[in-house]
Amino acid sequence: MKRILSLLLVVLLISGFSACAKQEPKELQMLWWSDGTEGQVMQTLLTEYESKTGVKIELIVIPYADYEARLATMISGGEAPALARVTEGHLNNFKSKILSLKGVYDSAGFTNLFYNDANEVISLPMDITANGLFINVDLMTKYGVNYPKPGEAVWTWDQFETEVNKLRAGVGTDVNFPGVFDPQAHRFFPMVYQHGTKIWSAPYTTSNLTGAAAVKALTRLVGFYESDLIDDAVYAGSAAAALFRTGAYGFHMSGNWNVSSYQDLTFNWTVVPMPKEANRATILGGKSIAAFMDSNAPTEAKKFITWLAKGENHDKFTGGVPYLTPRLGAQVNYGAFADEYAVFLDEIAATDASFVQDWLTQVMVPGMYPMINEAIRKAVAKEATPLDALKELETKLKEAKK
């Protein structure tokens, strides 16, 4: 009997050790970058989650310029983070290494979802982004720049150029350049849609990039740089948002994430509709949370996503930043910046559904952002004509999908 009890004790001890060995660690890593205050808001949620579950999630903040390379290195080295903030481009590029979230949360309650080849959702959408136009109201007023007010007709690109050229009168005193565009060249693609064309006629087979409308849009953008209407310092490494913050620029073409990061500016600013040629349009994007294979805590990562997807938790993030929410039916209080967000929402509503679908098709091209950036850089640097730069881009995009 004693021997039987001893054997049982050994079995129980072995089972106990085995159970302990299978337990996931109580500390996870989440890779992150911040455009504004969203890192602070996420940290608040992580602290709340730890207090409720005992699971600590460390926020590893990486500059966006280094982010994808760092994530790729961690994955290829077998040290993938349990969680990471990701764009559609990241989701596409690392799709085979991202865990399915099927059944982890109710994806029917969200928009801007991303799927793997098995048609299973692989991320939790955290915000929707849209391109738009920020203006320095103080400079615009001082130099008599007319811009569309709420309820007024949207300006055309020709009208925009005429009006913001008035800011040149301040160059050498309180104006560095009339304006600045973000360095990411996909800021150019709203202009393609605004000039009345799509990127693809037949996805990955026939494009419109070398057509008259796209060439006209890029020629216009190159002209802005040639005439010093917009500052080309961003291509030398300067951050466009940092330049706009100085108060010496009349406008900044960027996205809604800067609504939160511009809360502390010392001058008056707002968001106005982007100009149009043939029609209004923006491009949509967004950031999500994904869990990775080969991390140290895949199960705990999924548990956190389940918690984060709950309405009261998810709304704390989008409302706390604040960002445009992808959660259907959410009531987010945008507070003092409700008017600015209303402009972005109006830009989204004014964008034809075919353009939205075209951009979703485009973001499926692996590595497409660096391709776009290089093509537009070449055109701006006079290393290629707008037509030749777009021809080269068209070829690269098609080859990437073969």
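Spacing of the modelled spin labels on Glu58 and Ala212, each 7 Å from Cα toward Cβ, amounts to 6.0 nm. Neighbour counting of Cβ atoms within 10 Å sorts the residues Ser100, Ser76, Ser288, fewest neighbours leading, into Ser76, Ser100, Ser288. Computed log10 I(q)/I(0) for segment 82-221 at 0.09, 0.11, 0.13, 0.15 Å⁻¹: -0.48, -0.67, -0.84, -0.97, from the Debye equation with unit scatterers placed on every C-alpha and solvent omitted. Remark: segment 129-181 carries a charge dipole of roughly 100 debye about the Cα centre, counting +1 on each Lys and Arg Cβ and -1 on each Asp and Glu Cβ. Cα centroids of segment 102-174 and segment 176-246: 14 Å apart. Can you give me the span-like helices of the chain, meaning DSSP H runs with 24 Å or more of Cα extent along the axis and Kyte-Doolittle mean at or above 0.5? Passing helices, by number: 2-22.
When shorter helices are ignored and each DSSP H run of at least 4 residues is given -39500 (n - 2.57), the per-residue value for the chain at 222 nm works out to -13000 deg cm²/dmol. Extension gain for the segment Val356 to Met293, taken as residue separation times 0.36 nm less the Cα-Cα distance, is 19.6 nm to one decimal.
Given +1 at the Cβ of Lys and Arg, -1 at the Cβ of Asp and Glu and no other charges, the dipole of segment 63-103 around its Cα centre is 180 debye to the nearest 20. Under 10 Å, Cα contacts only: if you run a Gaussian network model on the chain, which one of Ala248, Ala82, Ala108 comes out with the highest mean-square fluctuation? Looking only at Ala248, Ala82, Ala108, the largest GNM fluctuation is found for Ala108. Bridge orientation summary for segment 171-294: considering DSSP beta bridges with both residues in this region, about 25 percent are antiparallel. Between the listed residues Pro275, Gly255, Gly320, the Cα displaced farthest toward the positive end of the dipole of the chain, a dipole computed from Cβ unit charges relative to the Cα centre, is found at Gly320. In the chain, Cα pairs under 8 Å separated by at least six residues give a relative contact order of 26 percent. Rounded to the nearest Å, what's the spacing between the alpha carbon centres of segment 31-53 and segment 298-376? Just the number, please. Cα centroid of segment 31-53 versus Cα centroid of segment 298-376: 17 Å apart. Pull out a ≥ b ≥ c, the square roots of the eigenvalues of the alpha-carbon gyration tensor of segment 164-299, then state rounded if a/c is under 1.5, prolate if not and a/b is larger than b/c, and oblate in the remaining case. Oblate is the answer for segment 164-299, as a/c is 1.5 or above yet b/c matches or exceeds a/b. In loop segments of segment 262-356 as defined by DSSP, there are no GluC sites (Glu not before Pro) with at most 15 further C-beta atoms inside 10 Å of their C-beta. Residue exposure proxy: Lys303, Lys398, Lys276, ordered by other Cβ atoms within 10 angstrom of their Cβ from fewest to most, comes out as Lys398, Lys303, Lys276.
Charges were assigned to the Cβ only: +1 to each Lys and Arg, -1 to each Asp and Glu. The resulting dipole of the chain about its Cα centre is roughly 1240 debye.
Coordinate-derived values only; no laboratory data. Computed from a predicted model, the values in this text were never measured in an experiment. Using ideal geometry, Cβ is built from the backbone for each residue, glycine included, and neighbour counts are taken over all protein chains shown.
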